[in-house]
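Student: The following block contains the structure, expressed as structure tokens.
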Amino acid sequence: MKEYIQEREMLLTLHETPGVGWHSIRKAVEYGEWRLFERFSPEAWISSVGLKPDQATAISNAFSTVRAEERQARMSKHGIQVITWFDDSYPKLLREIPQPPWILYAIGRVELLHRHAIAIVGTRGPTAYGRKTASDLARKLSERGLTVISGMARGIDALAHEGALEGFGSTVAVLGTPVDRIYPLENRGLYEQIVRKGVVISEVAPGTPFHPGLFPLRNRIIAGLSLGTVVVEAAERSGSLITADQALDMSRDVFAVPGPISSPKSAGTNGLIRQGAKLITSVQDILEDYEGLLPASEISKAQVGLKSELQAEDLDENEVVLLQLLQDGPLSIDRLHELSSFPFGLLHSVLINLSIKRKIEQHPGSIYSVM
């Protein structure tokens, strides 16, 4: 155990040393003499591991000055969990990709990194058609129990996260900034929801200055964590197409939503379809590709347990259904009607009963939440 902790902390130190990239860390990992690294001089890093002189000096200085306990205290203060390549908790699918991140920083429900997931990406300036499609697909995938992964950018990414937060599968946001830095700032409210109900992750070390070059790197993580990637709207030179290309390189599925031939926002997706991406017009077009992999209803065991608990509280089946729907956050009466398929008369009756039993409360605008 002591050796494992030592290797883990040393890998983290290498990762957080400026100027030391993925391939340099690979050399250190393949060399493998972890117990010696703290005592290595710059010359030893050059001759034994094969690093450049400036990298060797930077790493030698980092090992002589790092305070692992202080670093861990800073992480804990911000609610940051660290997942390293050496950890059993490292996502299995991510291990299979070219250049998997050595370190993942996470805030939120890290168990979501081990769920079946679909990525949804697209333009930062979607049309009304794109907005509705992204939101609906994400919500329905999440209601089916699949986790939705995206990059928390403006537009399609944000809409995918918002839709997924309405279902049981929830969402993973892969950032191109440190996990404790919100970008863009307009997504602050969304970020806070994801931290609470989903998980935000990044391979970028806390304290790293903002750099636009980091954003394309996170695309491989989005694709790598996912069974398949859905592109909703994308121009011909969209960054979303990079994610789709990376998914193909990883032998993962690529789905594309068709759009009007006159819309520049659909030029990229229509092009993907011409190149062999699967055309989708409904969530079922995605789910049918995973028949056999996914159970009839991939609702979590936690939900099954919740249902049993609620039934034990002398609630009838209809009341249990509505309470389950409200567990992840407040919903309007129209949304409850849509999700439950209850006739409005029955829905009103059940909501009144739950209010009398002090299980839910009503807010202005016919919004309901669990008490």
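Student: For the stretch 91-207, what is the convex hull (Cα atoms) projected area averaged across all directions, in square nanometres?
Tutor: Computed as one quarter of the Cα hull surface, the answer is 6.9 nm².
Student: Kindly write out, for the stretch 319-326 in residue order, the coupling ³J(HN,Hα) from the Karplus curve 6.51 cos²θ - 1.76 cosθ + 1.60 (θ = phi - 60°), rounded to whole Hz, with x marking Gly and Pro.
Tutor: 5, 4, 4, 5, 5, 4, 5, 8
Student: I would also like to ask the following. Based on the mean of other Cβ atoms within 10 Å per residue, sort peptides 338-348, 36-46 so the most packed one is first.
Tutor: Put in order of decreasing packing, that is 36-46, 338-348.
Student: Accessible area of the stretch 88-196 with a 1.4 Å probe: how many percent of it is carbon plus sulfur?
Tutor: Here carbon and sulfur together make up 48 percent of the probe-accessible area.
Student: So, one more: Cα axis of helix 344-356 to longest principal axis of the chain: angle in degrees, 0 to 90, nearest 10?
Tutor: Once rounded, one gets 70 degrees.
Student: Now, a different point. How big is D for the stretch 16-56, in µm² s⁻¹ as a whole number, if Stokes-Einstein is applied with the Kirkwood radius of its Cα pairs at 4 °C and 1.567 mPa s?
Tutor: For the chosen part, D equals 127 µm²/s.
Student: May I pose another question? How large is log10 of I(q)/I(0) for the stretch 1-110 at q = 0.10, 0.16, 0.17, 0.18 Å⁻¹ when the intensity is taken from the Debye formula with one equal scatterer per alpha-carbon?
Tutor: Here the Debye-derived log intensity ratios amount to -0.29, -0.75, -0.85, -0.94.
Student: Could you tell me what % of all Cα pairs in the chain have separations over 36 Å?
Tutor: Of all Cα-Cα pairs in the chain, 32 percent lie more than 36 Å apart.
Student: Mind checking the angle between helix 2-15 and the chain's longest principal axis? C-alpha axes, 0 to 90 degrees, to the nearest 10.
Tutor: 90 degrees
Student: Could you order peptides 268-274, 174-180, 287-293 by the average number of other Cβ atoms within 10 Å of their residues, highest first?
Tutor: Per-residue mean Cβ counts within 10 Å order the peptides as 174-180, 268-274, 287-293.
Student: Let me check I've understood the local charge: for Thr127, count other residues with C-beta under 13 angstrom from its C-beta, Lys and Arg +1, Asp and Glu -1. What total comes out?
Tutor: Residues near Thr127 contribute +3 overall.
Student: R0 = 30 Å: FRET efficiency of Ala62 with Val370, Cβ-based, nearest 0.05?
Tutor: Plugging the Cβ-Cβ distance into 1/(1 + (r/R0)^6) gives 0.05.
Student: Of Arg196, Arg67, Arg154, which is the most mobile in a GNM of the chain whose springs link Cα atoms less than 10 angstrom apart?
Tutor: Arg67
Student: Could you state the number of Å between the C-alpha centres of the stretch 97-118 and the stretch 131-175?
Tutor: 16 Å
Student: Eigenvalues of the Cα gyration tensor times 5, then square-rooted: what semi-axes does that give for the stretch 203-260, in whole angstrom, largest first?
Tutor: Ellipsoid half-lengths, sorted descending, are 24, 15, 8 Å.
Student: Over the stretch 1-116, what relative contact order in percent results from Cα pairs under 8 Å that are six or more residues apart?
Tutor: 26 percent
Student: Taking only the alpha-carbon atoms of the stretch 170-230, what semi-axes of the equivalent ellipsoid follow from 5 times the gyration tensor eigenvalues under a square root, in whole Å, largest first?
Tutor: Output for the stretch 170-230: semi-axes of 18, 16, 10 Å.
Student: Starting from a Cα-only point model with no solvent, please compute log10 I(q)/I(0) by Debye for the stretch 133-284 at q = 0.09, 0.11 1/Å.
Tutor: -0.26, -0.39
Student: Not counting ligands, DNA or RNA, and with a 1.4 Å probe, what is Val283's accessible surface area in Å² rounded to the nearest 10?
Tutor: Looks like 30 Å² after rounding.
Student: Build a GNM of the chain with springs between Cα atoms under 10 Å: which of Thr171, Thr65, Thr17 gets the top mean-square fluctuation?
Tutor: Its mean-square fluctuation being the largest, the pick is Thr65.
Student: Also, quick follow-up: Using all Cα-Cα distances in the stretch 60-99, what percent lands in each 5 angstrom bin from 0 up to the longest?
Tutor: 5, 19, 16, 17, 19, 16, 7
Student: Distance in nm between label sites at Tyr31 and Ala128, each 7 Å beyond Cα in the beta-carbon direction?
Tutor: For the pair Tyr31/Ala128, the computed spacing is 6.1 nm.
The values are calculated or read from the model by the stated rules, or taken from the named source; none is laboratory data. Source: prediction; values computed, not measured. Heads up, the Cβs are rebuilt from the backbone with ideal geometry, glycines too, and the neighbour counts pull from every protein chain shown. The protein model used for the area step is the full one, side chains on, heavy atoms only, and it has no ligands, DNA or RNA in it. Shrake-Rupley method; radii C 1.70, N 1.55, O 1.52, S 1.80 Å.
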